[in-house]
1. So, in the stretch 181-196, of the ones that are out of contact with any helix residue (DSSP H, G or I) (no Cβ under 6 Å at 6 or more places or on another chain) and polar (S, T, N, Q), which residue ends up surrounded by the fewest Cβ atoms within 10 Å (Cβ to Cβ)?
2. Can you go through THR144, THR154 and tell me which one is within 14 Å of the ligand (Cβ to nearest atom) and polar (S, T, N, Q)?
3. Please find, within the stretch 336-388, the residue that is surrounded by the fewest Cβ atoms within 10 Å (Cβ to Cβ) out of those that are aliphatic (A, V, I, L, M) and assigned to a loop (DSSP other than H, G, I, E, B).
4. Does the stretch 100-115 hold any residues that are more than 16 Å from the ligand (Cβ to nearest atom) and either hydroxyl-bearing (Ser, Thr, Tyr) or crowded, with 20+ Cβ neighbours inside 10 Å (or both), and which are they?
5. Give the residues of the stretch 49-91 that are assigned to a loop (DSSP other than H, G, I, E, B), closer than 17 Å to GLY207 by Cβ and either away from the ligand (no atom under 16 Å from the Cβ) or of a type in the set (S, T, N, Q) (or both), sorted by residue number.
6. Please identify the pairs in which a residue from the stretch 320-345 that is more than 20 Å from GLY363 (Cβ to Cβ) has its Cβ atom under 6 Å from the Cβ atom of a residue that is among the basic types (Lys, Arg), counting only partners at least 6 apart or on another chain.
7. I'm checking my understanding of the structure. Among residues of the stretch 26-81 that are among the aromatic types (Phe, Trp, Tyr) and over 21 Å from ILE227 (Cα atoms), which one is surrounded by the most Cβ atoms within 10 Å (Cβ to Cβ)?
8. In the stretch 197-226, which residue that is surrounded by fewer than 22 Cβ atoms within 10 Å (Cβ to Cβ) and either within 14 Å of the ligand (Cβ to nearest atom) or in a loop (DSSP other than H, G, I, E, B) (or both) is farthest from the chain's Cα centre (by Cα)?
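Every read-out reported here was derived from the displayed coordinates using simple, explicitly stated rules and does not represent laboratory data. A quick note: this is a predicted structure, and the numbers were derived from the prediction, not measured. Because the Cβ atoms are built from the backbone with ideal geometry, glycine has one as well, and the counts that use them run over all protein chains shown.
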Amino acid sequence: MSIDPRDIEICVTTGDSAGGAVVTPLVQSSLFAYPSFEDLLLGLAAEHRHHVYTRGQNPTTEVLERKLAALERGEACKCFGSGMAAISAVFLGLLEAGDHVLFVNQIYGPTLELAEHLRRFGISHDLVLELEPAAVEKALRPATRLIWFESPGTMLFRTLDVAALAELARSKDILTGLDNTWATPLFQKPLTLGVDLVVHACSKYLGGHSDVVAGAVIGPAPLIEQIFYRALLLNGGILAPFDAWLLLRGLRTLPVRLRQHQRDALTVARFLERHAAVRRVFHPGLGPVASPAPSDDANAALEGTSGLFSFELAGGFEEVRRLIDALEVFRIAVSWGGAESLVISPNRGDNIERLEAQSIPPGLIRLSIGLEGAEILIRDLDQALDRL
Ligand SMILES: *Cc1c(COP(=O)(O)O)cnc(C)c1O
């Protein structure tokens, strides 16, 4: 694992700000006045570049957007009030009735639910779980306008060959989008591998303290502009300036937090791999045996691993429930990426068909490794597994 020193600089530094403040000022203003009506009209004519109204641009949010674009090596970025708002904005901003979306890999549940709703507007989709480029190519349709992937994917953390799939899409004039929430820009830069758009749920590692819900889209300026005018400005799902300010604070510690998330998650995953009650561990850092990868190239895009992974118990819902309830340090909650370790299972006891549709085993348990230290977490898992 390595973190590019340039990325550390982007995360940590504030740049010039008024009066020598070392923290980006919070501009908690909904509107911005102009010296003349004509100047206001010029601002309104290019609202993506001017501070007119905070539903469009805001100086604090703009600093965050510049940093996220720089981290992903992208041209432009827009932030949103949640990761789902960002994903919705990509779909609503770029797709037309009659278009088809191909999802590749296990996909975040609400993203697929959103795709279901888009059927009402004439947008269809399919999901492929075979990650080889040849299998993906076979699933394409003449109407496919967008390939959407996650790598590592949701719940099973399988990685795919990002560069090969981006190239395949490009050769057929199909847009690609990758949800890069798991790796963060520090550990994977999909735009440099040929992907068109990257989205983040900033609610996870980028915020890092479980106190913000936010999202971002990064990519070429013309695409981001289209998303801005067709989706962000009209749907209004903006990131509030204060939340942008909290994210700027979160970014400053992202490199140090990720180093510990990475190290401790690998330590805990290796402990689980050796435990007799654990059938399999799904963590992309453990190599192709524990976490089946479709090819050697699949992990090539990752420059490091974060703190979210899963493991499988031999039993079903009852065993899953018993283990989760036996844990004392891990908190039982949704989401991830904060300082506190979390546990959850995709198995809710009544959704086996949904799990099967994404090939997720019923005994799966997902851990988000926080910052408490690996030793205390291993002790907790050990006592809980003993009580099964
Ligand atoms: C959490 C998450 C989202 C959605 O983000 P919200 O901020 O909760 O709307 C999208 N994709 C992935 C991979 C996530 O983990």
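1. THR192
2. Numbers: THR144 fails: within 14 Å of the ligand (Cβ to nearest atom).
Just a single option satisfies the conditions, and that option is THR154.
3. Just the residues of the stretch 336-388 that are aliphatic (A, V, I, L, M), to begin with: 339, 342-344, 352, 355, 357, 360, 364-365, 367, 369, 371, 374, 376-378, 381, 384-385, 388.
Within this subset, residues satisfying the condition of being assigned to a loop (DSSP other than H, G, I, E, B) are 339, 360, 369, 371, 388.
Working: ALA339: 14, ILE360: 22, ILE369: 26, LEU371: 15, LEU388: 12.
Checking each candidate, the answer is LEU388.
4. From the stretch 100-115, those more than 16 Å from the ligand (Cβ to nearest atom) are 100, 102; that's our starting set.
If the condition is that a residue be more than 16 Å from the ligand (Cβ to nearest atom) and either hydroxyl-bearing (Ser, Thr, Tyr) or crowded, with 20+ Cβ neighbours inside 10 Å (or both), then LEU102 is the only one that fits.
5. Kept after step one, since they are assigned to a loop (DSSP other than H, G, I, E, B), are these residues of the stretch 49-91: 49-52, 54-58, 73-75, 81-82.
Next cut, closer than 17 Å to GLY207 by Cβ only: 81-82.
Matches in the stretch 49-91: SER82 only.
6. GLY337/LYS204; GLU340/ARG331
7. At the first step, the residues of the stretch 26-81 found to be among the aromatic types (Phe, Trp, Tyr) are 32, 34, 37, 53, 80.
Keeping just the survivors that are over 21 Å from ILE227 (Cα atoms) gives 32, 34, 37.
On the way: PHE32: 17, TYR34: 15, PHE37: 8.
The qualifying residue surrounded by the most Cβ atoms within 10 Å (Cβ to Cβ) is PHE32.
8. Quick first cut of the stretch 197-226, residues surrounded by fewer than 22 Cβ atoms within 10 Å (Cβ to Cβ) only: 209-211, 213, 220-223, 225-226.
The next check asks that each one be either within 14 Å of the ligand (Cβ to nearest atom) or in a loop (DSSP other than H, G, I, E, B) (or both); those that pass are 209-211, 213, 220.
Numbers: HIS209: 16, SER210: 15, ASP211: 16, VAL213: 12, PRO220: 19 Å.
Checking each candidate, the answer is PRO220.
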